[in-house]
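Here the structure comes first, spelled out in structure tokens, and everything after it is commentary.
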Amino acid sequence: MFDAPVLGASGVAPGPAPGAAPGAVLGIDPGLSACGYGAVRRDGGTLAVVACGVLRTDRALDLPERLARLEHELARLVAELRPSAVAVERVLFQSNVRTAISVGQASGLALAVAARAGVAVVQYSPNEVKLAVTGDGRADKVQVQTMVARLLHLDAPPRPPDVADALALAVCHAWRRGLDRGLERATAGRGGNGLARAVDAALARDGARGTARSARGRGAR
């Protein structure tokens with residue numbers, strides 16, 4: 001079920017269900033009991049929240065049913081928002097094996113749903129997200145939540161933490177995508193891929209040197 005669907009300026013979620021948001025980045029903080037989502041879109045030089053909330057499954061249900069329901073809700077979310085990219089937190093080792101397994105299952109569902117919908121999918125580790133949002137890969141949750149609120153011009157940190165983490169993922173990829181596009185434009189302005197040209201030139205020089213050495217060797221014989 002959708003829970004807390006749209007984030008208001010106060011950090012609460014009073015609004016309607018998500019709507020289409022072409023061009024937005026959808027962040028997914030995977031979890032079986034609580035799967036956070038947050039979509040942001042660039043508006044000029046700033047980022048704005050499009051929708052966010054938590055997808056929940058009933059702990060009383062059997063695992064296959066919970067997974068089926070989560071997959072259905074994720075598919076509905078992607079179909080409604082129509083994002084240009086989905087950013088999912090990369091599953092890393094956790095001391096709680098049961099939590100790690102459920103997070104991995106939810107992550108796999110998110111990846112599969114996005115791929116089936118033809119949406120670009122990326123994954124970021126928690127440290128990569130922290131570094132992008134706060135400038136410190138070791139930042140704690142409070143620091144991340146505070147920076148997410150500041151970057152998205154919210155009056156208060158997003159709640160619950162699953163939502164803040166999902167929005168942080170979306171912000172991370174939106175910035176990364178903007179940086180990549182900026183580099184592409186700069187490269188195109190210089191007449192192509194500067195790195196590729198430099199590599200080609202280096203290879204050509206090495207080839208010329210090799211030819212010259214071979215010619216000298218034959219002359220000596």
**Asked** In the stretch 96-144, which residues are under 20 Å from Leu47 (Cβ atoms) and either part of a loop (DSSP other than H, G, I, E, B) or among the hydroxyl-bearing types (Ser, Thr, Tyr) (or both)?
**Response** Val119, Tyr124, Thr134, Gly135, Asp136, Ala139
**Fill in**
If you go through Arg116, Arg150, Arg138, Arg56, the only one that is under 14 Å from Cys35 (Cβ atoms), in the same structural domain as Arg176 (by TED's automatic domain parsing) and either surrounded by fewer than 16 Cβ atoms within 10 Å (Cβ to Cβ) or modelled with pLDDT of 95 or more (or both) is Arg56
**Prompt:** Quick one: would you say Ala85 is modelled with pLDDT of 95 or more, among the small types (Gly, Ala, Ser), in the same structural domain as Tyr124 (by TED's automatic domain parsing) and buried (at least 16 other Cβ atoms within 10 Å of the Cβ)?
**Reply:** yes
**Request:** With the condition kept exactly as written, say whether any residue in the stretch 97-107 is farther than 22 Å from Leu61 by Cβ and either outside the structural domain of Gly23 (by TED's automatic domain parsing) or modelled with pLDDT of 95 or more (or both).
**Result:** no
**Request:** Give the residues of the stretch 128-159 that are touching a residue at least 40 places away in the same chain (Cβ under 8 Å) and among the hydrophobic types (A, V, I, L, M, F, W, C), sorted by residue number.
**Result:** Val129, Ala132, Ala149, Leu151, Leu152, Leu154, Ala156
**Message:** Residues that are more than 19 Å from Asp162 (Cα to Cα) and part of a helix (DSSP H, G or I): does the stretch 42-52 have at least one?
**Reply:** no
**Inter-residue pairs, beta-carbon under 8 Å, first closer than 16 Å to Leu70 by Cα and in the stretch 98-127, second of a type in the set (Ser, Thr, Tyr), 6+ apart** = Ser102/Ser33
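The values are calculated or read from the model by the stated rules, or taken from the named source; none is laboratory data. This is a predicted model, so every value here is computed, not measured. Ideal geometry is used to build each Cβ from the backbone, glycine not excepted, and the neighbour counts take in all protein chains shown.
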